1. With each run of n ≥ 4 DSSP H residues scored as -39500 (n - 2.57), what mean residue ellipticity at 222 nm is computed for the chain after dividing by its residue count and rounding to the nearest 500 deg cm²/dmol?
2. Want the number for A406 to A375: 0.36 nm per residue separation, take away the alpha-carbon distance, what's left?
3. Below 8 Å, C-alpha to C-alpha, sequence gap of six or more: please give me the relative contact order for the chain in percent.
4. What residues have an amide H closer than 5 Å to that of K163, excluding those fewer than 5 places away on the same chain, when H is modeled at 1.01 Å from N in the peptide plane?
5. Mind listing the long-range amide H neighbours of H289? Cut-off is under 5 Å, sequence gap 5 or more, other chains count too, H placed in the peptide plane at 1.01 Å from N.
6. Give a residue-ordered list of calculated ³J(HN,Hα) values for the range 95-104 (Karplus: 6.51 cos²θ - 1.76 cosθ + 1.60, θ = phi - 60°; whole Hz; x for Gly, Pro).
7. Give me D for the range 220-285 in µm² s⁻¹, whole number, from Stokes-Einstein with Rh from the Kirkwood sum over alpha-carbon pairs, 25 °C and 0.890 mPa s.
8. Pick from G246, G366, G184: which is most flexible by mean-square fluctuation in a GNM of the chain where alpha carbon atoms under 10 Å apart are linked?
Amino acid sequence: MAIFEKRVVDTTMAAAHFVLPADFDADGDLDLLATSEATGTVAWFEHDGQFNFVKRTIDADLAAAYPASVADLDADSDFDVLAGGYKADRYVWYRNDGLGGFSPIDIDRRNGPHSIVADDVDRDGDLDLITATQKANSISWYENVGDPAFSEHTIDSGSIKAKSALPVDIDGDGDIDIVSASYGDDIVALYRNDGAENFTKQIIDGAADGAYYALAADLDGDGDQDVVSASRLNDTIAWYRNDGPGGFARLPIDTDAQGARAVFAADLDGDGRLDVLAASVDDDTIAWHRNNGDGSFTKFVVDDTVDGAYGVYVVDFDRDGMLDVLSAGRDDGTIAVHRQLAINGLQYIASYPDLIRALGANAEAGVQHYFLYGAQEHRPPDDFDERQYLAKYPDLQAAFGNDTEAATRHFITNGSAEGRTDDPLSAAADFLL
């Protein structure tokens, strides 16, 4: 279980759409990539490992810079950038020189780029591209035919206002299938690859009102890939359980994600089950939908002040062993990292007399209470200062030394009832153990 500390990286990416992590300068820490539709900018943010960032512009003239992704497209062991200009009608590959310098290479001119990612679609050992082009109503893959050339293969020319297209091996046959979302016809679709790059379209959901984003993930842990979607016009995050033979059963996760825009699947709390993160633009919210393991999800708010929440990504950004959340705010141009901080169940209980009475020194019960009730009640989880409590009483120092956990347990089981406090300004009684 966790809470999150927001670290603002930048506020200049007006109409920010994407935020992605990668070590662009090969210095061992993660940097960030973002796009600004309003300014036509693709930029990366050099990170010094201490949450200090320097903005580095990759391209300041890609009109309505919108989609972006990261891949080592030329197999030279550094991270390149793929991006699209919605009004520039261009897909572009920015080749990394290994130190964070980028050179643009045009991939194709297409009408309204909206999504671009890389994968080895034809399994020939190099990375190809998969695109969703909104104004052209098309899903395509681009065969890598030699540095730096690509040959387009149209998969679907009738995906109305195509928003996203992502790779997945949905049927476990070793080839790349594609899952997509198209806004204009409300469709979440799967394109099954026969192994020879011939794709057959299967409609997973034909009533996902304003389908905006879809991806695949094994949410029920049964070994096959399910599908998750965000549909903007009905404010819905949904998942589709894969039954194995090729059918999908729709199950809602959240029907109040106002202006649902994007989703991401990750095991945020480390319990072995994939959770769902979502960005919803009209309520400024990045939400964590915790997987309960029975097909249902419990919603927790990571941040409801991401003005026009548009992009979400999960990664252990600070390399502390816990997954963090990245966000892009469209309306205020803010790129942020939400650092995951562990909840101390005992400290939380010790902060509130009613919890001391109800839960005693049950740390796990404290964690559960915080996420089920305390977060919604806006209870800070760390009001009790165990260090001050220990320092205040010589008898506790003699008994526990520097063991703050033991001191916290003492406060819950004995100290609170004895009238002890962690307030350094209040008078300390002469307690003896």
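The values are calculated or read from the model by the stated rules, or taken from the named source; none is laboratory data. None of these values were measured; they are calculated from a predicted model. Cβ placement follows ideal geometry from the backbone for every residue including glycine, while neighbour counts extend to all protein chains displayed. Just so you know, the surface numbers come from the protein's heavy atoms only, side chains and all, with ligands and any DNA or RNA stripped out. Shrake-Rupley method; radii C 1.70, N 1.55, O 1.52, S 1.80 Å.
1. On the way: 6 runs with 41 residues, N = 433.
Estimated from H runs of four or more residues: -2500 deg cm²/dmol.
2. Working: separation 31, 0.36 × 31 = 11.16 nm, distance 2.53 nm.
Length gained between A406 and A375: 8.6 nm.
3. Details: 1230 pairs, mean separation 47.2, N = 433.
Reported as a whole number, the value is 11 percent.
4. Those qualifying (amide H under 5 Å, at least 5 residues apart or on another chain) are A181, S182, Y183.
5. V276, L277, A278, F300
6. Once θ is set to phi - 60°, the couplings for the range 95-104 become 7, 7, 7, x, 10, x, x, 10, 10, x Hz.
7. Working: Rh = 12.5 Å.
Translational D for this selection: 197 µm²/s.
8. The residue with the greatest mean-square fluctuation here is G246.
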